[in-house]
Every structure is written in structure tokens, then in C-alpha cells.
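Colleague: Would you mind keeping the following structure in view while I ask a few things?
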Amino acid sequence: MTTLVAAFARSAAKHSARTALIDGTGAAHTFSHLQALAETYAAGWYARGVRPGDRVLVAMGIGPDLYASLAALWSLGATAVLPEPAMGLAGVRTAVDATHPKFFCAAGPYRWIRLLLPRLWRARLLTPGKGCDAAPPSHGADPDSVALISFTSGTTGIPKAIPRTHAFLMAQWKAVAPLLHSDGEEIDLVTFPVFVLINLAEGRTSVLPNWKMSRLAGLDPASLVGWISANKCTRALLPPALCDKLIEAQDTGQLRQIFTGGGPVFPDVIRRLQDISDGLKITTVYGSTEAEPIAHAQTVEEGYGLFAGHPVDAVRLRIVDSEIQIAGDHVNRGYLDPARDQETKVVEGDTIWHRTGDAGQLDEQGRLWLLGRVGDEVTIDTGVLHPFAIETAARMWPGVDQVALMALNKTAVLVVAGKAEHGEAWRSRAATFGIADVRHVPSIPLDRRHNSKVDRTALRKLLI
């Protein structure tokens, strides 16, 4: 069985002069250049003592050094540990405590993190740079060995460490490939690192962000459009928050297609994007940290909830007590700490079902509709209200910018950010759903990872 790092090497051989990455400065890096970097780093780090199975905490910006470093570590049979970037220093601390890395691979200012975390003092420092004359012995990675350890966002509890084997990464590639397939040459603006890995394996050009993904709220819409235009991007893989930026700019550059996910993608967002550019194709992708992708859609449908489309061929999906459960080769089978498996894993013979924590339903055509997180539903006298069902409708009301359905003291509360002069209309429409309490706020707090999901814990504190 091949591995992603072997696929990188084949891409480098086949597309040596083609641009693999355009980094945040606008500099282009060919496939052969990235492969040369990976080989140089591998030689130097093997000389430093990196061996198969060693855990290496990686801390550096999104750029060519990151992907060359991953390829180098995988070629040595080592395990890359990637902290959750949205958590900052706390994410690094969580990663160190969970994995006890033997090495710390860092570049630029990230090297000084070690001074702030005594737990890292014993880890030997690796930096991208000069290698050595002696090439490391070739290592054929065991498909079942762990290539990568990443972390859940922690928005619904303590972050969980997710080990991903080489076989898992290959299964994920197989699941994603049909979504990204194109008969023509594409230049993709990619804001999700996992899709950069897929593009590298397939020989496709990726343009990296020239902004910090942790600061999406402050990104100038004109700058985003300018970056798309300057790099002649034909497609973009963006969270919904960046789709909102394109809507604000009323410009999508020369994009022919947008893939968006990482948070709920509401119908009004899709329609507004399509109003900007005739013929713009939009694909919404539903997934989770434990499994990406799960389902996708290319049309806007009206119904009870948020339309997610058909499950991808690589996943088995079922609904149990309103919760979406999934199984498949690209679905995480267990966490680094087995004790955490009890929270989200259901073992039935040889099949391990992952409980997503998302509520949903399947229609008669086998299409998936999302209702919100399990436990976020609100019970009223006339029945149960699910957040996405109400929020999808309320986003179309006059003057609404953001909206969230909440339960406070067992009472349904509709929280709205927007033009307060429409408050009476909001209350009138909310009453048709059986919601008597409508509250206006300046803005609704969102998650740190993609700035696209309602941070209900923070919102509840704000309301109280």
C-alpha cells in the first residue's frame, strides 16, 4: 500500500517544474523544490536521531516548510504532532501533555515556545535548514503506523488527541478525491491544511492564505479578493466566514467554484454568492475533525434543517436517536487516550461507529439534513425546535445579520444581531414558531477555529 509521502514523491517526479504552492508572500514553490526540501530535512533530522515511531511536535506557520517537514518526518517513519492552532499556547500545552514528544520541530518565532513550556525542555529541537551529506535509509512506512496526531477544537469539552495512520490518510484522500476532481488545470486557494496534502499528492497547485486564519473577523474583504485575483485562483476552499467576506466585497474574482465547510453553510449565503457571479459553482461539505468529508451538496434545498446532501460513497451513515453516526475507513476509530472512546464510539462487531454529536435526519431520497448539535434543541409546548431549522428561516428576515436559537431556563430564546429597528418584526415572526423571547445583541460570538459556528457557551454567558 502506498502512502501520502510516496504520492508526494511521485508528484515531484511527474510535475517537477509545476508550481505546488504559492505561499503567503506570493512566492511560488515547485514540486521538485518541495521534494528537495523534504529530502534535505529528512537527512539532517535522521542525523539528529529521528527514528520510526518517534513523536515530533510541529510548530510553524502554514507554508512550504510545514509541508516539506511533514513529508520529511513521514519518510523517516516518525509521527507528526500538530497542536490545534486556534488554541494558541494552550493548544501546544495540551499537545505536549497528551503525546510527550521526543522532538520539537519549529521555525521562526515558534522556536521560542520551548522557553514558555518547561515540559518541552527535554524534547530535542529540529529546525528546517541545512541537511547533511549522508542520505537516511529509505523507510517504507507501515500503513498501520501513526503518521499524524491532531486535536479536536475543544469547543465542546477538553480537546481529544486523534491518531491518524498512513492508511487513514490514504482513505481520506480516496474520499476527498472525487470532490476535488477536475478535468482542467486548477489553481486552488486552500484554507484547510488537509486539502493541501491532497493537492500535493495529486499534483495540483495550492495557494495558501496571506492572512492569519485565527483572525478572520478582521480580514479586509478587498484583500481577500485581491489575493484571489493576484494568484489567478480558479477555485477556493473556504470556511463560511470567508464566503461572507466575498459577499461583503461583492466580488469573487475569477473563481469558478467554491468549496465551503467547517461550519454551517446557510442557503442565503449560497444565493448571495451566486448573485455575485453567474455560473459560480458552490459545493458545501459537511464533516468533522474525526471524519472529513461526510456529505456534500451542490444545490440549495428548502426543508426542515440545513441541507447537507448525499453522504459520500466512502462513509456509512445512520441516525440513532436523532444523532448522526458514521463509520468507514476515513472515520477515526479511536482516540490516543482510549478512555475518551466511551464518549463517542459505538463498537458493533468489527464496525466502530463514531457519534458525531450532530443531530440530523435522512429524507426519502437518502439525503442528509442537519438540525444542530445534540442537546441544543429546545422543547416548547408545541414540540421540539432544532437550531438550524429556526436559524435557516430567521436569517432571511429583514435586518438580520446573525441569529441563534438558545435555551435559557428551559425557555426558547432567539438571539439576533442586526438592525434593532426591525425588532418588532422579529418578535412577530418568532411567535409563529412558538418563540416569545427575542433578544438583540451587538454580535454573536463564534468559534476560534473557523469563525463560523456559534460559540454557545460564550453566548450563554453574554445573555446571563
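The values are calculated or read from the model by the stated rules, or taken from the named source; none is laboratory data. Here the structure is a predicted model, which is why all the values come from computation and not from measurement. Ideal geometry is used to build each Cβ from the backbone, glycine not excepted, and the neighbour counts take in all protein chains shown.
Colleague: ARG316 fails exactly one of the following numbered conditions: (1) at pLDDT 95 or above; (2) under 26 Å from PRO193 (Cα atoms); (3) surrounded by 15 or more Cβ atoms within 10 Å (Cβ to Cβ). What is the number of that condition?
Modeller: Failing condition for ARG316: (3).
Here's the yes/no breakdown for (1) under 28 Å from the mean Cα position of the chain (by Cα); (2) more than 24 Å from HIS330 (Cβ to Cβ):
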residue	(1), (2)
GLN342	yes, no
GLY349	no, no
ASP358	yes, no
GLN365	yes, no
ASP376	yes, yes
ILE380	no, yes
GLY383	no, yes
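Colleague: Being in a helix (DSSP H, G or I) and of a type in the set (D, E, K, R), is that true of even one residue in the range 7-30? Break it down into steps so the answer makes sense when it comes.
Modeller: First, pick out the residues of the range 7-30 that are in a helix (DSSP H, G or I): 7-14.
Okay, now just the ones that are also of a type in the set (D, E, K, R), so 10, 14.
Looking for residues that are in a helix (DSSP H, G or I) and of a type in the set (D, E, K, R), one finds at least one in the range 7-30, hence yes.
Colleague: Kindly indicate whether ASP341 is among the acidic types (Asp, Glu), outside the structural domain of LEU179 (by TED's automatic domain parsing) and either surrounded by 12 or more Cβ atoms within 10 Å (Cβ to Cβ) or in contact with a strand residue (DSSP E or B) (Cβ under 8 Å, 6 or more places away or on another chain) (or both). Break it down stepwise before answering.
Modeller: Values: among the acidic types (Asp, Glu): yes; outside the structural domain of LEU179 (by TED's automatic domain parsing): yes; either surrounded by 12 or more Cβ atoms within 10 Å (Cβ to Cβ) or in contact with a strand residue (DSSP E or B) (Cβ under 8 Å, 6 or more places away or on another chain) (or both): yes.
It is true that ASP341 is among the acidic types (Asp, Glu), outside the structural domain of LEU179 (by TED's automatic domain parsing) and either surrounded by 12 or more Cβ atoms within 10 Å (Cβ to Cβ) or in contact with a strand residue (DSSP E or B) (Cβ under 8 Å, 6 or more places away or on another chain) (or both).
Colleague: Considering only the range 27-37, how many residues are touching a helix residue (DSSP H, G or I) at 6+ places or on another chain (Cβ under 7 Å) and surrounded by fewer than 17 Cβ atoms within 10 Å (Cβ to Cβ)?
Modeller: In the first step, residues of the range 27-37 are kept if they are touching a helix residue (DSSP H, G or I) at 6+ places or on another chain (Cβ under 7 Å); the result is 29, 31-32, 34-35, 37.
Keeping just the survivors that are surrounded by fewer than 17 Cβ atoms within 10 Å (Cβ to Cβ) gives 32.
So the answer is 1.
Colleague: Here is a follow-up. Looking only at the range 211-219, decide whether some residue is under 22 Å from ASP447 (Cβ atoms), surrounded by 17 or more Cβ atoms within 10 Å (Cβ to Cβ) and either at pLDDT 95 or above or outside the structural domain of ALA175 (by TED's automatic domain parsing) (or both).
Modeller: no
Colleague: Does the range 1-33 hold any residues that are of a type in the set (A, V, I, L, M) and at pLDDT below 95, and which are they? Talk me through it step by step, then tell me what you get.
Modeller: Of all residues in the range 1-33, those of a type in the set (A, V, I, L, M) come to 1, 4-7, 9, 12-13, 17, 20-22, 27-28.
Listed by number, the residues that qualify are MET1, LEU4, VAL5, ALA6, ALA7, ALA9, ALA12, ALA13, ALA17.
Colleague: Let me ask you something else. Of all residues being of a type in the set (A, V, I, L, M) and more than 17 Å from LEU180 (Cα to Cα) in the range 269-307, which is surrounded by the fewest Cβ atoms within 10 Å (Cβ to Cβ)? Just the residue, please.
Modeller: So the residue we want is ILE276.
Colleague: Taking interchain pairs and intrachain pairs at least six residues apart, which have beta carbon atoms under 7 angstrom, with the first residue in the range 1-19 and small (Gly, Ala, Ser) and the second part of a loop (DSSP other than H, G, I, E, B) and at pLDDT 90 or above?
Modeller: SER11/GLY203
Colleague: Turning to a different aspect of this structure: Starting from residues that are modelled with pLDDT of 90 or more, of a type in the set (A, V, I, L, M) and in a loop (DSSP other than H, G, I, E, B), keep the ones in the range 108-143 and report whichever is surrounded by the most Cβ atoms within 10 Å (Cβ to Cβ).
Modeller: Among those that are modelled with pLDDT of 90 or more, of a type in the set (A, V, I, L, M) and in a loop (DSSP other than H, G, I, E, B), it is ALA123.
Colleague: Filter the range 288-308 down to the residues that are within 23 Å of ILE187 (Cα to Cα) and either in the same structural domain as LEU385 (by TED's automatic domain parsing) or not polar (S, T, N, Q) (or both) and list them by number.
Modeller: GLU292, PRO293, HIS296, ALA297
Colleague: Right, another one. So which helices (runs of 4 or more DSSP H) are wholly in the range 349-464 and hold at least 2 residues that are modelled with pLDDT of 95 or more and surrounded by fewer than 19 Cβ atoms within 10 Å (Cβ to Cβ)?
Modeller: Values: elements: 387-394, 423-431, 456-463.
Per the criteria, 423-431.
Colleague: Touching a Phe, Trp or Tyr at 6+ places or on another chain (Cβ under 6 Å) and at positive phi: is that true of GLY279 in this structure?
Modeller: On the way: touching a Phe, Trp or Tyr at 6+ places or on another chain (Cβ under 6 Å): no; at positive phi: yes.
Taking the combined requirement at face value, the residue does not satisfy it.
Colleague: Only one of PRO193, PRO239 is under 25 Å from ALA28 (Cα atoms), under 17 Å from the mean Cα position of the chain (by Cα) and surrounded by 19 or more Cβ atoms within 10 Å (Cβ to Cβ); which? It would help to see each step written out before you state the result.
Modeller: Values: PRO193 fails: surrounded by 19 or more Cβ atoms within 10 Å (Cβ to Cβ).
Going through PRO193, PRO239 in turn, the sole match is PRO239.
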